[in-house]
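Each remark here refers to the structure printed beneath this line.
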Amino acid sequence: MSGQFRKDLTRRNVLAGGLAFATVGFASRITSAFATANLTLGAHDITVFSDGHLTLPMNFILPEQSEEEIAALLKPHGLATDTLTPDCNITLLRTGDRTVLFDVGSGANFQSTAGELPGHLAEAGIDPSDITDIVFTHAHPDHLWGILDDFDDPLYPEAQIWMPQAEWDYWRADDTLAKTPEERKSFVVGAQARFDVIEDRVNMIKPGQEVLPGVEAVDTAGHTPGHMSYMLHGGSESLLVVGDAISNTVISFEKPGWASGSDQDRDMGIATRKALLDRLAQDGSRVIGYHFPHPGGGHVERTGDAYSFVAA
Ligand SMILES: [Zn+2]
């Protein structure tokens, strides 16, 4: 990666303002253990690793709700009403001779409280060269930017990379940067630079495709234009690596119809979230939410017009 890009990225991080700088005051938060939630699903062996957490202003997450509405929802859960500090959960799947990561975290250049995945993999005795496949839900910084190391070289030298075609096409399009609001232009610049580095190793995914044996791509567009979740089928059970289609165990479940400021298409994000929650409550599939409290695994129950998350 060129020095010019690095400079540009740094400058754009500064422009990102609230997102990049809201971390002050939260550095003392203790992050969870390196690897938890081991579970098996047929031939699949699943472990969830933490990449740390993000710090996001509440008016970014819930731009259309009043302070009173937000307080009424969050205070009974003991949650802060001005800031959200979502964990980042990376699913590692061992199946057959494959070792698969679903997303790779933030790397060193997004928020200072994230980017912990490489250290936690090392603690678990997993070398970057052990990773055979990386499957992306979408290309936001907290999911993609960790594909490069501190020197901006590819971090996982042996991995095949799987990316939703619509996601690739969106971030690659000539007019995406111009159409993106100023405060998120760094997302576009960051994605495009990383796409340049990984281009020769990327395989494109279509909705419904069996990406790897027992791993089905499920179209969950809305959060981003090509957002994809992945249903892991094992024995008689299934588990959805949901990514950011359902992003918070309180807000998304109790108020699935509230617009999320992190969804690039808010209306489509709502429709996708409602359909997904409905499906998961009916079929009983487990879920792992990227931003649920670490390690992020559980299942969905319907309660009247809303839903609840049962960690397990
Ligand atoms: Zn995310």
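The values are calculated or read from the model by the stated rules, or taken from the named source; none is laboratory data. Everything quoted here is computed from the prediction, not taken from an experiment. When we count neighbours, we look across all protein chains shown, and the Cβ atoms used for this are built from the backbone with ideal geometry, even at glycine.
Applying a threshold of 9 Å to beta carbon distances and a minimum spacing of six or more residues, or different chains, the list of pairs starting in the range 135-147 at a residue that is free of Cβ contacts under 8 Å to residues at least 60 places away in the same chain and ending at one that is among the β-branched types (Val, Ile, Thr) and more than 8 Å from the ligand (Cβ to nearest atom) reads Leu144/Val104; Trp145/Val104; Ile147/Val104; Ile147/Ile134; Ile147/Ile161; Ile147/Val197; Ile147/Ile198.
Of the residues making up the range 284-312, those that are of a type in the set (Asp, Glu) and at pLDDT 95 or above number 1.
How many residues, within the range 82-106, are within 12 Å of the ligand (Cβ to nearest atom) and of a type in the set (Ser, Thr, Tyr)? Adding up the residues that qualify gives 1.
Among the residues examined, Arg279 does not qualify as of a type in the set (D, E, K, R), at negative phi and within 16 Å of the ligand (Cβ to nearest atom). Being of a type in the set (Val, Ile, Thr), under 25 Å from Val100 (Cα atoms) and assigned to a strand (DSSP E or B) is a description that does not apply to Val310. Filter the range 136-166 for residues that are within 15 Å of the ligand (Cβ to nearest atom) and in a helix (DSSP H, G or I) and give the result. Hits for the range 136-166 are Pro141, Asp142, His143, Leu144, Trp145, Gly146, Ile147.
The residue that is farthest from the ligand (Cβ to nearest atom), among those in the range 196-226 that are out of contact with any strand residue (DSSP E or B) (no Cβ under 7 Å at 6 or more places or on another chain) and outside any loop (DSSP other than H, G, I, E, B), is Asp200. If the condition is being crowded, with 17+ Cβ neighbours inside 10 Å and either in a helix (DSSP H, G or I) or within 15 Å of the ligand (Cβ to nearest atom) (or both), then the range 117-134 contributes Leu117, Pro118, His120, Leu121, Pro128. Residue pairs whose Cβ atoms lie under 6 Å apart, sitting 6 or more positions apart in sequence or on different chains, and linking a residue in the range 290-301 that is within 22 Å of Gly115 (Cβ to Cβ) to a partner that is assigned to a loop (DSSP other than H, G, I, E, B), are Tyr290/Asp244; His291/Pro86; His291/Ser247; Phe292/Thr249; His294/Ser32. Just so you know, in the range 227-270 the residues that are in a helix (DSSP H, G or I) and over 16 Å from Phe292 (Cα atoms) include one that is nearest to the ligand (Cβ to nearest atom), and it is Gly269. With respect to the conditions (1) more than 19 Å from Ile70 (Cβ to Cβ); (2) out of contact with any helix residue (DSSP H, G or I) (no Cβ under 8 Å at 6 or more places or on another chain), Gly269 lacks only one, and its number is (1).
Taking Ile161 as the residue in question, decide whether it is within 17 Å of the chain's Cα centre (by Cα), of a type in the set (A, V, I, L, M) and on the phi < 0 side of the Ramachandran plot. Spelling it out, Ile161 is indeed within 17 Å of the chain's Cα centre (by Cα), of a type in the set (A, V, I, L, M) and on the phi < 0 side of the Ramachandran plot. Which one is surrounded by the most Cβ atoms within 10 Å (Cβ to Cβ), of the residues in the range 55-96 that are free of Cβ contacts under 8 Å to residues at least 24 places away in the same chain and assigned to a loop (DSSP other than H, G, I, E, B)? Looking at residues that are free of Cβ contacts under 8 Å to residues at least 24 places away in the same chain and assigned to a loop (DSSP other than H, G, I, E, B), I get Thr81.
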